[in-house]
1. Checking the conditions here, which among P362, P366 is surrounded by fewer than 16 Cβ atoms within 10 Å (Cβ to Cβ), modelled with pLDDT under 95 and under 18 Å from D264 (Cβ atoms)?
2. Kindly provide the set of residues from segment 406-429 that are loosely packed, with under 14 Cβ neighbours inside 10 Å and not polar (S, T, N, Q), ordered by number.
3. Kindly evaluate V154 against the criterion of being in contact with a strand residue (DSSP E or B) (Cβ under 7 Å, 6 or more places away or on another chain), of a type outside the set (G, A, S), within 30 Å of R78 (Cα to Cα) and buried (at least 20 other Cβ atoms within 10 Å of the Cβ).
4. Consider S401 carefully, then state whether it is in contact with a His (Cβ under 7 Å, 6 or more places away or on another chain) and not assigned by TED's automatic domain parsing to the domain that holds A143.
5. Considering segment 369-402 alone, what residues qualify as being of a type in the set (D, E, K, R) and either crowded, with 16+ Cβ neighbours inside 10 Å or more than 54 Å from the chain's Cα centre (by Cα) (or both)?
6. Of all the strands (runs of 3 or more DSSP E) wholly in segment 333-387, which have at least 2 residues that are touching a Lys or Arg at 6+ places or on another chain (Cβ under 9 Å) and under 30 Å from P412 (Cα atoms)?
7. Criterion first (under 19 Å from V330 (Cβ atoms) and either acidic (D, E) or loosely packed, with under 13 Cβ neighbours inside 10 Å (or both)) does S274 satisfy it?
8. Out of Y310, Y286, which single residue is assigned by TED's automatic domain parsing to the domain that holds N336, at pLDDT below 95 and in contact with a strand residue (DSSP E or B) (Cβ under 6 Å, 6 or more places away or on another chain)?
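The values are calculated or read from the model by the stated rules, or taken from the named source; none is laboratory data. Just so it is clear, the model here is predicted, and its values are computed rather than measured. For neighbour counting, all protein chains shown are included, and Cβ atoms are generated from backbone atoms with ideal geometry for every residue, glycine included.
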Amino acid sequence: MHRKRSLKYLVFNLFFLFFILSLPADAAFTASGGSNGRPYEYIPAASTGLEKVYIFDGLQQAELRFNTADSSNWTWYRYQTGLEDAQAVPLTDISLESDATVLKNPGAYGYYVSQGDQIKAVYIIDYSAHKLDYTKLEGVDNAEDICSSLQLVVEGIQEDLSYYALSGSPARRTVDRIHSLTWTDLEWDEEKEQYLPVDKNSNKEGFLSGFIVDAPLQNTRFKLEGDQFAAHFGLSAKSIETSYQAVRVSTHAKAVPEEREQADNEIGAGSAGSLTGSAPFKLDFYSNVNPATRYTEWYIYTNPGSKEEYLRRTETDINYTFNQAGSFEVKLLASNNICKDSATFTVRVTESSLDCPNFFSPRSTPGDNDEFKVAYKSLIKFHGRILNRWGNVLFEWTDPSLGWDGTFKGKPVSPGVYFYIISATGSDGIEYRKKGDINLLE
């Protein structure tokens, strides 16, 4: 028996949709009235058998028109929940015009007009009769992941804006309210390298129990407003606000090698911005943390993955000079009493080397091999002297990037054989002791 009723219901719906689709193209409903004269129009699913749902803010001076060139041959019906409770609208409530049949002062019901087997229907909702009132908006302190997301609960009165379809299932349907949550947060701007304020919002439709949003990076104030119908009618939106104390910690830490001009005789100093370089290798470390961060701790480990720190510092930003060859792990731990974030950098300092040439030509080929210079890498100490055959010191230097130009007291020395004595210490602990002769060519 139940199967027969279902089949009969399906056949009815199919015929009903056929009748609707067969209506003249110029036959259509329009509505006016209510407190602002302009109802909100909602287009329901075609399967409901309804052309529109009209939402009025109060039904004073409401008017429902069915525009058609054949106005005298249409009969008006009113229903509450479906065709089974439909009743003909008294003719005294209907007025005829040349291009429309008009129903004045309709109530919050469904209405349809029929001509023979043709039916066209709408439903009316009185917005002012369905209360929306937020009474609570607050964060959930015991949420599972408070450091990455924020759960806000909402309580209050949210009465459904319901209507009844003429076909399809279920018969009772709702026009969902849109609830809007707004607040101001921070976002990291990579180009400007700072957190910048940004206005954010989240919208939800239907019955509202709460929101889940990304945990804000700063203290902020949430405002919940509803709904789209109030905005349409020009009413003051229902709203509620709550303050929020940020706990999320975020860092966009950065490691920047200090700029220095690479000498033409230095080997493997590293490319610009690289965290691999020749000692002494100086770097600046910036934490770039958000305002909710209370503590910053920097750790330097002698080997990546090691748990024994080589150095610990608690400044917001630090700088450090690496003088030892090898790989180092630099870790930032940013935190407050609830949340934390971290960043890790791997710094590599190259092994040392020192080589000395045995001739140079300061005068015969200008711009080519004009100075006696060592080729070096990752030296943290250096001392060199140039002597003549009688042991007199002609030039002395402590910066390996410098060199001897073949002069003494501003005057060129004679071509011939000279001697160098060099001592140096590498970043890897190697001690260099080099001595030899130099041929100064004309």
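1. Residue meeting the stated conditions: P366.
2. K409, G410, K411, P412, G416, V417, G429
3. no
4. no
5. Within segment 369-402, D370, E371, K373, K377, R385, R389, E396 meet the criteria.
6. 353-355
7. In short, yes.
8. Y310 is the lone residue from the list that is assigned by TED's automatic domain parsing to the domain that holds N336, at pLDDT below 95 and in contact with a strand residue (DSSP E or B) (Cβ under 6 Å, 6 or more places away or on another chain).
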